[in-house]
Amino acid sequence: MTEHSNKMPKGFEIALKVGRPPNIVKLFPNSKALIVSGKYIDRAMLAKGKAISMAANGRNIFVIRGALAAAQRANSVLIVEIARSEGTYCAVNFWNIARQVDALCNEMGITIPVAIHADHYGIKSPEDIGPAKIEIPTAFEAGITSIAIDASHMPDDQNLMANLALYPFIPKWAGLETEVGEIKGKTGLSTVDEALFLIRGLNAHDIFPDWIALNNGTTHGIEASDQGIQVGLTRSIHDALTPYSVSGAQHGTSGNNSDRLREIAALTRTTKANVATALQMISWGLEVNDYGNAILDPDGKFIKVQGQGVTEELWLEMVAYADAKGLKKGDYKKLNLPFESKLLAQPQAIRDRMAKRVEDFVYQMLMTVFNAADTAPLAIEAILAANSFDPGSKAGRIEDPSDWTPEKIAARALSVEADKGAKGNFDD
């Protein structure tokens with residue numbers, strides 16, 4: 001692994017004392033890891049301008065280790081996240097990810113601010129809200145410092161009502177992401193109208209999200225086409241939301257070329273970009289293009305790079321397992337859990353090269369695509385300026401609560417211009 005300087009950044013010790021949220025202080029009282037609210041990550045990107053923080057989906061320990069090493073090299077803040085659905089096919093989940101990040105930060109001497117994000121807390125029907133009121137607080141008790149409430153599978157009024165119902169169970173200091181439009185590619189693209197509906201309704205109830213995620217043309221997993229992010233659509237939605245000071249969260253980056261991602265950084269209000277499938281594939285040693293999308297051979301099979309990632313023997317075993325289970329290319333993510341122990345049981349040199357491959361990829365993304373270099377000091381400055389683990393909200397209430405009662409929300413939703421597109425399960 002790359003060696004890092006042990007020199008503490010300016011203000012680090014004070015930031016460590018005042019900037020860690022109460023749940024982190026309780027869990028890790030003696031830690032030197034600067035785990036912070038997701039709000040501070042967003043604020044650092046806004047302070048630099050036209051910059052995006054990577055939100056690395058830590059599907060395995062090698063991805064987390066490599067992403068932390070890269071962010072330290074780039075002097076960049078970082079979000080380490082896991083989606084609720086990922087916890088069903090990975091050993092990493094909402095309740096153990098913070099402990100892994102904290103341990104690695106202390107082991108590796110990581111001094112950049114890091115947020116722990118619970119991505120895609122999916123609400124697919126009103127019946128999911130009751131259990132969520134119990135489960136969400138437990139995730140924060142386990143060290144989560146930021147969360148995405150994703151009720152975008154439901155009609156617009158139910159999406160808004162779910163966000164309203166769950167907000168009281170999220171700490172006020174925590175980073176908050178909301179979502180409009182399932183992330184599923186070229187169908188059911190988000191509209192200005194439905195994004196405004198969601199953010200205005202939240203604003204009326206004194207809820208000011210840090211990020212909004214859109215379906216702006218990308219998919220989760222392996223991108224089959226180059227359609228990708230629709231930058232113009234994203235910009236028009238972000239511009240319409242300007243009075244509400246909400247930043248953009250970009251999902252599905254693995255299938256988009258670097259130039260398009262640079263456009264998102266330069267032309268929109270995006271400050272968070274999720275990278276999941278790419279980092280998984282890179283850690284395993286598969287051949288990818290410059291923006292992390294897996295390259296297939298003429299037979300439509302993944303290409304394993306000799307001497308990179310897992311051992312060749314283990315990769316053949318993983319492929320045989322996938323074939324036996326009938327897993328398609330987009331389902332290789334389901335190899336994470338059954339092979340967790342075997343991945344960890346590889347020799348040290350193999351484990352190191354898995355993490356190093358992730359590190360090098362993430363470093364290049366942070367430096368040359370996301371414009372995230374040297375944002376760590378900006379987050380520390382924000383913590384010191386606030387002298388708190390909570391920087392407060394970026395926005396204030398504009399909307400009249402009397403215009404956004406449950407009855408009026410249902411009535412307003414009838415006139416919202418929206419296209420939900422095809423049905424499906426698009427939650428990680």
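The values are calculated or read from the model by the stated rules, or taken from the named source; none is laboratory data. Note that the structure is a prediction, hence the values are computed from the model and not measured. Neighbour counts run over all protein chains shown; Cβ positions are idealised from the backbone, glycine included.
In region 236-280, the qualifying residues are those that are surrounded by fewer than 24 Cβ atoms within 10 Å (Cβ to Cβ) and either within 25 Å of Leu343 (Cβ to Cβ) or acidic (Asp, Glu) (or both), and the one that is modelled with the lowest pLDDT is Asp259. Before we move on, is Tyr167 under 27 Å from Pro21 (Cβ atoms), at pLDDT 95 or above, surrounded by fewer than 19 Cβ atoms within 10 Å (Cβ to Cβ) and among the aromatic types (Phe, Trp, Tyr)? Yes.
Yes or no: region 287-310 includes at least one residue that is aliphatic (A, V, I, L, M), more than 30 Å from Ser245 (Cβ to Cβ) and in a helix (DSSP H, G or I). Looking for residues that are aliphatic (A, V, I, L, M), more than 30 Å from Ser245 (Cβ to Cβ) and in a helix (DSSP H, G or I), one finds none in region 287-310, hence no.
Residue count for region 281-292 under the criterion of being touching a helix residue (DSSP H, G or I) at 6+ places or on another chain (Cβ under 8 Å) and modelled with pLDDT under 95: the result is 4. Taking Arg59 as the residue in question, decide whether it is among the charged types (D, E, K, R), farther than 23 Å from Ala379 by Cα and touching a strand residue (DSSP E or B) at 6+ places or on another chain (Cβ under 7 Å). No.
Against the test of being in contact with a strand residue (DSSP E or B) (Cβ under 8 Å, 6 or more places away or on another chain) and at pLDDT 95 or above, the options Trp315, Trp404 yield a single qualifying residue, Trp315. Assessment of region 247-262 against the conditions (in contact (Cβ under 8 Å) with a residue 12 or more places away in the chain, on the phi > 0 side of the Ramachandran plot and touching a strand residue (DSSP E or B) at 6+ places or on another chain (Cβ under 9 Å)) yields at least one matching residue. Annotation: Trp315 fulfils all but one of (1) touching a residue at least 40 places away in the same chain (Cβ under 8 Å); (2) in a helix (DSSP H, G or I); (3) more than 25 Å from Val77 (Cα to Cα); (4) not acidic (Asp, Glu); the unmet one is (1). Applying a threshold of 9 Å to beta carbon distances and a minimum spacing of six or more residues, or different chains, the list of pairs starting in region 400-414 at a residue that is surrounded by fewer than 11 Cβ atoms within 10 Å (Cβ to Cβ) and ending at one that is at pLDDT 95 or above reads Asp400/Ala204; Ser402/Ala204; Ser402/Lys408; Leu414/Asp157.
Confirm whether Ser393 is surrounded by fewer than 17 Cβ atoms within 10 Å (Cβ to Cβ) and free of Cβ contacts under 8 Å to residues at least 60 places away in the same chain. So Ser393 fails the test. Among all residues of region 390-402, there is at least one that is in a helix (DSSP H, G or I) and not aliphatic (A, V, I, L, M). For Lys356, state whether it is modelled with pLDDT of 95 or more, among the basic types (Lys, Arg) and surrounded by 15 or more Cβ atoms within 10 Å (Cβ to Cβ). Yes, satisfied. Against the conditions (1) at pLDDT 95 or above; (2) of a type in the set (S, T, N, Q); (3) surrounded by fewer than 20 Cβ atoms within 10 Å (Cβ to Cβ), Ser225 satisfies every one except (1).
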